[in-house]
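Right, one structure below, let's go through it.
All of the numbers you see were taken from the coordinates with simple rules; none came from a lab. These numbers come from a predicted model, not from an experiment. For neighbour counting, all protein chains shown are included, and Cβ atoms are generated from backbone atoms with ideal geometry for every residue, glycine included.
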Amino acid sequence: MLKIINTKNTVFILLATIIFASCGIAVRQEPSGQETNGILPEQAYTADNFETAGSHYPVTIENFNFARETVGITFEKAPEKVLAVYQNSIETMLALGLEDRIIAAAGLDHSVKPEFSEAFDTVNYLTGRAPDRETVTMMQPDFILSWYSYFNERNLGDVNYWNGIGVNTFMSRNSGASVDRTLENEYLDILDLGIIFNAEDKAEQIVNEIKEEVNKVFSYASAAETQKSVLVIEFFSEHITVYGSASLGGDMVMQLGADLISVEGNRAGVEDIIALDPDVVFIVYMDSETEDGEIEDRSQTSIERMTLDPRFASLFAVTSGNVHSIQLGEMYCSGIRTIDGILKFAKGIYPELYQ
């Protein structure tokens with residue numbers, strides 16, 4: 001029997017980071033300019049009076065190794081030879097104007113966002129998902145930016161190995177380094193990279209844009225008499241995955257003031273979905289590459305997996321035209337695409353707000 005987990009709104013969590021001046025460490029401020037009063041281990045920063053450009057470095061950020069242990073990584077200067085692996089890693093570097101620091105990139109699921117295509121044309125893009133440790137060693141990077149799953153011995157190699165030979169690393173929190181995947185983690189990743197490269201203004205601008213949209217939508221949803229129930233799913237050959245409250249997509253939906261439907265085990269069958277009968281359904285998809293190297297847009301075909309299936313014909317979301325698609329890269333370790341994911345969810349749940 002399918003067990004439904006009712007997930008109510010969560011209060012929007014503000015970034016909380018304190019660095020103690022008594023240790024010779026400056027106070028880090030929220031993009032809004034307000035000092036914060038809480039700290040989590042993964043949110044700790046140290047720096048020597050980095051409010052002034054001349055004293056920005058050294059800075060130390062807290063990140064992770066493959067055992068998911070926090071490790072402090074110190075930067076004496078901005079990295080100059082960066083290997084960026086996976087969509088969010090590459091696009092965040094481009095968004096911060098750091099394409100000239102990338103010596104190699106790999107692992108795109110989608111073409112880079114159009115506004116960064118010109119900058120990306122200057123980047124050495126490698127075939128394959130990720131180079132192995134031997135190949136990376138020959139590149140002689142001073143910084144490796146990637147996902148948790150790629151920092152293993154079969155791919156890039158463990159963080160501890162690279163840090164041990166003087167190569168700094170950064171593992172995206174929502175790629176598996178953190179247990180729960182949250183919007184807050186995306187903010188922290190972007191802000192961290194801003195600190196590492198002394199590009200904090202650009203990083204804070206990106207984060208502020210996302211937060212402003214989230215706050216606008218949440219305020220609108222809070223004034224409504226009822227919450228809309230939302231189901232986020234992905235079709236696989238033998239099962240349907242449900243993105244629950246521990247997923248980034250689920251956290252996005254909750255932060256936007258909707259009632260996320262979660263199920264025990266994160267899997268559901270056709271009958272289960274019919275019984276849940278959500279107000280709105282989002283179907284997660286990935287674009288695919290054709291034999292001639294072209295990218296096939298699967299946004300519409302993913303919707304049709306439900307709307308053209310007679311078994312789902314009675315669903316309220318189907319009959320009311322509330323079945324939407326969303327790219328995996330917009331709601332899973334999304335980086336700068338976080339704003340795109342927020343807008344996709346918001347426009348699907350509250351279309352009247354964007355008319």
Under the 0.36 nm per residue contour assumption, what length would be gained going from the current alpha-carbon distance of residue 308 and residue 55 to full extension? 85.1 nm
Between residue 271 and residue 118, what is the label-to-label distance in nm when each label sits 7 Å out along the Cα-to-Cβ direction? 5.8
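Give me the number: length gained by fully extending residue 111 to residue 67, i.e. 0.36 nm times residue separation minus the C-alpha to C-alpha distance, one decimal in nm. Working shown, then result.
On the way: separation 44, 0.36 × 44 = 15.84 nm, distance 3.14 nm.
Net length gain for the segment: 12.7 nm.
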Hz values of 3J(HN,Hα) by residue in segment 75-92 - Karplus curve (6.51, -1.76, 1.60), Gly and Pro given as x: 10, 7, 7, 5, x, 10, 10, 9, 9, 10, 10, 4, 3, 5, 4, 5, 5, 5
Placed amide H near residue 240: partners under 5 Å, 5+ positions off or other chain: 268
Using the Karplus curve 6.51 cos²θ - 1.76 cosθ + 1.60 with θ = phi - 60°, work out ³J(HN,Hα) for each residue of segment 107-118 in order, rounded to whole Hz, and write x for Gly and Pro. x, 6, 8, 10, 4, 4, 4, x, 5, 10, 4, 5
Along segment 133-149, Karplus-curve 3J(HN,Hα) (6.51, -1.76, 1.60; θ = phi - 60°) to the nearest Hz, with x for Gly and Pro, reads 4, 5, 5, 5, 4, 5, 6, 6, x, 10, 7, 10, 10, 6, 8, 3, 5
Residue 81 label point, 7 Å along Cα→Cβ, cut-off 14 Å on backbone N: hits in segment 137-153? 137-144
Low-density loop cleavage sites - trypsin sites (Lys or Arg not before Pro) in segment 84-160, where at most 11 other Cβ are within 10 Å (DSSP): 154
Burial order of peptide ranges 260-267, 160-167 (average beta-carbon count within 10 Å, highest first): 260-267, 160-167
In nm, to one decimal, how far is the residue 134 label point from the residue 238 one, both placed 7 Å along Cα→Cβ? 3.5
Can you tell me how segment 225-354 classifies by the Cα gyration tensor, rounded, prolate or oblate, using a/c under 1.5 as the rounded cut? rounded
Please report the net charge: other residues with Cβ closer than 13 Å to the Cβ of residue 165, K and R +1, D and E -1. -1
Lys and Arg at +1, Asp and Glu at -1: add these up for the other residues within a Cβ distance under 13 Å of residue 312 and post the number. -3
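When DSSP beta bridges are limited to those with both residues in segment 225-354, what percentage is antiparallel, rounded to the nearest 5? Each step should come with its number before you reach the end.
Details: 7 of 18 bridges.
Counting only bridges with both partners in segment 225-354, antiparallel ones make up about 40 percent.
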Extension reserve of the residue 74-residue 223 stretch, reckoned as 0.36 nm per residue once the Cα distance is removed: 49.1 nm
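Please rank 354, 220, fewest neighbouring Cβ atoms within 10 Å first, as an exposure proxy.
Working: 354 10, 220 15.
The most exposed by this proxy come first: 354, 220.
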